[in-house]
1. So which residues in region 50-62 are near the ligand (Cβ under 9 Å from one of its atoms) and either assigned to a strand (DSSP E or B) or outside the structural domain of Ala28 (by TED's automatic domain parsing) (or both), if there are any at all?
2. Residues of region 100-159 being under 21 Å from Val263 (Cβ atoms), assigned to a loop (DSSP other than H, G, I, E, B) and among the polar types (S, T, N, Q), which ones?
3. Across region 139-164, which residue is farthest from the ligand (Cβ to nearest atom) among those that are among the aliphatic types (A, V, I, L, M) and more than 14 Å from the chain's Cα centre (by Cα)?
Amino acid sequence: MFKDLSSLLEHDCQLVIKDTVTSTNDEAFSQALCSPQSAFSAAHPLVVVSTEQAAGRGRLGRFWESPPGGVYLSVLFEPDFAQEGGWGEGENSSAKGRGDAIFSLSPLVALAVYDALLTFAAEELYIKWPNDIISARGKLAGVLIELKQKIYVVIGVGVNVNHPDAGTSLGATYLVDETAREPSCEEVAAAVLKSLFSSYDTWRTQGCSFAPFVAAYREHMALVGKQVCVRAADGTELASGVVEGIDERARLLLAGKDGPTPVTAGEVTLANKLPPS
Ligand code: BTN
């Protein structure tokens, strides 16, 4: 399926093409851990692309349906600050590292995927915080970012391109329904990777900050001005309010009596909609 992909890529990377894997994120991690001497970096990332996934993962522990006809890819970077504490433990960590940076990576990648898919789409697309690409018909693409050993970061991207043989998935839309032409999965993968490498480089060279991307993200953001609920994976309501935008730390901003209230994680739904089961 992806036999000509390498000729479409401009960025220097190590490309692994598979017919099937459990998850491209897992495959990327195991390749990195099996060859720890390999110098994966921003300049030489490892890319895994597969025609299908047997156990594709989504955010919040969900399953990501991955039949042939979609794009399932992961990019593994070892950041240049790996020796200075790597990605750290997370936002509230006092450990050395870039705990904060990882939070800004997810919406940044969504913006990169959005830009790539827009080159194919005839219909309007939006980004639903933090990292879903949607149209009026449903969800077109998703992003799952995972860390290993505080050093390796894997950026996993799934794009619904063609209708699967088994029929359409609930809540999903497909690039073929959003465009005037039928792009190949190879073209889509190449466009996503090009945009991703370029955004990652900008982000890295500008101190791993989301600040340079706030305005562009806000411009394409879904649900601005709408009353929403933010829920945890188990459906518990974490916050609610009217969406105002996103801040420089990539937090969702909800309007509050005393000014915008930042939200760091969760699933956003329109306030009158039931949470996904
Ligand atoms: C989401 O919206 O919940 C995120 C979906 C991410 C799916 C991609 S497909 C490639 C990579 N491998 C996985 O197992 N998941 C990501």
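1. Ser50, Gln53, Arg57
2. Correct list: Asn131 only.
3. Taking the candidates together, the pick is Ile151.
Here's the yes/no breakdown for (1) of a type in the set (Gly, Ala, Ser); (2) touching a Pro at 6+ places or on another chain (Cβ under 8 Å); (3) touching a residue at least 60 places away in the same chain (Cβ under 8 Å):
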residue: Ser195; (1), (2), (3): yes, no, yes
residue: Tyr217; (1), (2), (3): no, yes, yes
residue: Val230; (1), (2), (3): no, no, no
residue: Asp258; (1), (2), (3): no, no, no
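Matching residues to (1) under 17 Å from the mean Cα position of the chain (by Cα); (2) crowded, with 16+ Cβ neighbours inside 10 Å:
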position: Glu182; (1), (2): no, no
position: Cys208; (1), (2): yes, yes
position: Ala211; (1), (2): no, no
position: Tyr217; (1), (2): yes, yes
position: Ala222; (1), (2): yes, yes
position: Arg231; (1), (2): no, yes
position: Gly235; (1), (2): no, no
position: Ala239; (1), (2): no, yes
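The values are calculated or read from the model by the stated rules, or taken from the named source; none is laboratory data. Note that the structure is predicted; figures quoted are calculated from it, not measured. Here Cβ is always computed from backbone atoms with ideal geometry, including for glycine, and neighbour counts include all displayed protein chains.
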